[in-house]
Amino acid sequence: MKISEVSEQSGLSVDTLRYYEKVGLLPPITRTNGGIREYTEADIKRIDFIKCMRTAGLPVDVLTEYFALVEQGDETIEARKEILQTQRTRLVAMIAELQDTLALLNSKIEGYEDALLQAEQELTDSY
């Protein structure tokens, strides 16, 4: 799959895909004789994982460290697990904070809805 197709499918810009390759999040992508990147199914799966981890808030440098550990083999399984557990803990805290924010927004919106209903009631009572 060509970079433009991967970009469209993944929602990542071509520049982002090139950057991920440059910093080592993606391995060097195979190129055609004409120099055009050809992404494999394994590359696509890795991009999906990267997107998921970035959405979860994992910084690029931590992801780079994670993939460097993957390359070192099974002796780094515990270190990789620790990276993911740390991120899960952060994500759980972020979700809790977002839930509190959502509750506050819902409360404020409800207050405005109540004020509108009261204003409408006062308007109809004046007839």
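Scanning the range 47-57 for residues that are within 8 Å of the chain's Cα centre (by Cα) and of a type outside the set (Val, Ile, Thr) returns Lys51, Cys52, Met53, Arg54, Ala56, Gly57. Among residues belonging to the range 20-37 that are in contact with a strand residue (DSSP E or B) (Cβ under 9 Å, 6 or more places away or on another chain) and not in a helix (DSSP H, G or I), point out the one that is nearest to Cys52 (Cα to Cα). Of everything passing the filter in the range 20-37, Ile29 is nearest to Cys52 (Cα to Cα). State whether the residues of the range 48-69 include one that is of a type outside the set (Gly, Ala, Ser), part of a helix (DSSP H, G or I), loosely packed, with under 13 Cβ neighbours inside 10 Å and touching a residue at least 24 places away in the same chain (Cβ under 8 Å). Yes, that holds for at least one residue. Could you please find all residues in the range 9-19 being closer than 12 Å to Asp48 by Cβ and not in a loop (DSSP other than H, G, I, E, B)? Within the range 9-19, Gln9, Ser10 meet the criteria. Here the range 11-46 is the region considered, the condition is being crowded, with 17+ Cβ neighbours inside 10 Å and farther than 18 Å from Pro59 by Cα, and the residue that is farthest from the chain's Cα centre (by Cα) is Arg37. Within the range 87-101, the residues that satisfy the criterion of being farther than 16 Å from Ile50 by Cα and surrounded by 12 or more Cβ atoms within 10 Å (Cβ to Cβ) are Arg90, Met94.
Read-outs: derived from the displayed coordinates by stated rules, not from any lab. All figures in this text were calculated on a predicted structure; none of them were measured in a lab. Heads up, the Cβs are rebuilt from the backbone with ideal geometry, glycines too, and the neighbour counts pull from every protein chain shown.
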